[in-house]
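Participant: What follows is a single structure, and I will ask about it in a moment.
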Amino acid sequence: MTLTSEERKIIEDSIRDIKDFPKEGIVFKDITTLLNNKEAYALLMKHLHDRYKSYNLDYIAGIDARGFIFGAALAQMLGLGFVPIRKKGKLPYTTISEKYALEYGVDEIEVHIDAFGEKKGAKVLVIDDLIATGGTANAAATLVNQTGAKCVECCFIIGLTFLDGIQKLEEKTKVYSIVEVD
């Protein structure tokens, strides 16, 4: 399922650019304006539903925190369970974790060891709002696979193609970005 150029423009135009946030030289892609635009958000979620309804997925996993917004809604639309992939120390049960590099340092995400149930090879879609350098997404895909499930694709509302995150992640799994920024 593909978006028409008009549909893609509605989604793209609903994302606000904030210059020099969080620091000078960065153009932050603000999705809050997409979320409060009922036409654009409905169009986006219908597109995601139509794209993934034939994937025979078992779960949707959303990356902390904006991936929760899209992932939980999509899971409900597809009749699937939703799994949060959280920042270290936020989940109450036994977890596995994966570290990833940041511009200045290291961060870590985690998932419950039983997040994808008893079914080995459960098919999982990982979703987040944006992929830049790909560190968090790579760590999320690794975590899904370490549980015995299978990350079949990572989906992003925005893909920053001028960085190498998409290419790095494609070495591990399929990648789909709705809006690509060069």
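All of the numbers you see were taken from the coordinates with simple rules; none came from a lab. For clarity, every value in this text was computed on a predicted model and none was experimentally measured. Please note: Cβ atoms are built from the backbone with ideal geometry, for glycine as well, and neighbour counts cover all protein chains shown.
Participant: Please report, in whole Å, how far the alpha carbons of segment 1-92 spread along each principal axis, starting with the longest.
Facilitator: 41, 41, 19
Participant: Relative contact order for segment 55-181: what is it in percent, counting Cα pairs under 8 Å that are at least 6 residues apart?
Facilitator: On the way: 278 pairs, mean separation 28.9, N = 127.
Averaging sequence separation for qualifying contacts and normalising by length gives 23 percent for segment 55-181.
Participant: A follow-up question, please. Looking at the square roots a ≥ b ≥ c of the eigenvalues of the Cα gyration tensor of segment 76-173, which shape do they give, rounded for a/c under 1.5, prolate if a/b is larger than b/c, or oblate? Could you put the intermediate results ahead of the total?
Facilitator: Values: a/c = 1.83, a/b = 1.30, b/c = 1.41.
Oblate.
Participant: Near Val124, within a Cβ-to-Cβ distance under 14 Å, what is the net charge of the other residues, with Lys and Arg +1 and Asp and Glu -1? If you can, show how the numbers build up before the last one.
Facilitator: On the way: positive: Lys119, Lys120, Lys123, Lys150, Lys172, Lys174; negative: Asp58, Asp114, Asp128, Glu153.
Once all neighbours under 14 Å are counted, the net charge is +2.
Participant: Output the peptides 128-137, 47-56 sorted from most to least packed, where packing is the average of other Cβ atoms within 10 Å over each peptide's residues.
Facilitator: Values: 128-137: 23.3, 47-56: 15.1.
Averaged packing, sorted descending, gives the order 128-137, 47-56.
Participant: Note down the magnitude of the dipole of the chain about its Cα centre, charges +1 on Lys and Arg C-beta and -1 on Asp and Glu C-beta and zero elsewhere, to the nearest 20 debye. If you can, show how the numbers build up before the last one.
Facilitator: On the way: 23 positive and 27 negative charges, 114 e Å.
About 540 debye.
Participant: Kindly provide the helix-only [θ] at 222 nm of the chain, computed as the sum of -39,500 (n - 2.57) over DSSP H runs of four or more divided by all residues, to the nearest 500 deg cm²/dmol? Each step should come with its number before you reach the end.
Facilitator: On the way: 6 runs with 59 residues, N = 182.
Using -39500 (n - 2.57) per qualifying helix, the result is -9500 deg cm²/dmol.
Participant: Quick check on my link table: of Lys119/Lys150; Lys9/Lys150; Lys29/Lys150, which ones sit more than 22 Å apart, alpha carbon to alpha carbon?
Facilitator: Details: Lys119/Lys150 11 Å; Lys9/Lys150 33 Å; Lys29/Lys150 29 Å.
Correct reply: Lys9/Lys150; Lys29/Lys150.
Participant: Across bins of 10 angstrom width beginning at 0, how are the C-alpha pair distances of the chain distributed, in whole percent?
Facilitator: 10, 38, 37, 14, 1
Participant: Sum up the charges of everything whose Cβ sits under 14 Å from the Cβ of Ala101, counting Lys and Arg as +1 and Asp and Glu as -1, but leave Ala101 out.
Facilitator: Values: positive: Lys99, Lys168; negative: Glu98, Glu103, Asp107, Glu108, Asp164.
Around Ala101, the surrounding residues sum to -3.
Participant: If Lys and Arg each add +1 and Asp and Glu each add -1, what is the summed charge of the other residues whose beta carbon sits under 15 Å from the beta carbon of Glu6?
Facilitator: Working: positive: Arg8, Lys9, Lys46; negative: Glu7, Glu12, Asp13, Glu39.
Net local charge, Glu6 excluded: -1.
Participant: Cα to Cα, under 12 Å, and not fewer than 8 places away if on the same chain: which aspartates and glutamates meet these conditions relative to Lys99?
Facilitator: Asp107, Glu108, Glu110
Participant: Non-local amide H neighbours of Val175 (under 5 Å, H modeled in plane, Pro and chain starts lacking H): which ones?
Facilitator: Those qualifying (amide H under 5 Å, at least 5 residues apart or on another chain) are Cys154.
Participant: Something else: If packing is taken as the average count of other Cβ atoms within 10 Å, what order do 81-94, 24-37, 148-161 fall into, highest mean first?
Facilitator: Working: 81-94: 15.8, 24-37: 14.2, 148-161: 21.1.
Going from most to least packed, we get 148-161, 81-94, 24-37.
Participant: Tell me, in nm to one decimal, what length is gained between Thr32 and Ile18 on full extension, where the rule is 0.36 nm per residue of separation less the Cα-Cα distance? Before the final figure, lay out each step's value.
Facilitator: On the way: separation 14, 0.36 × 14 = 5.04 nm, distance 1.15 nm.
Value of the extension gain: 3.9 nm.
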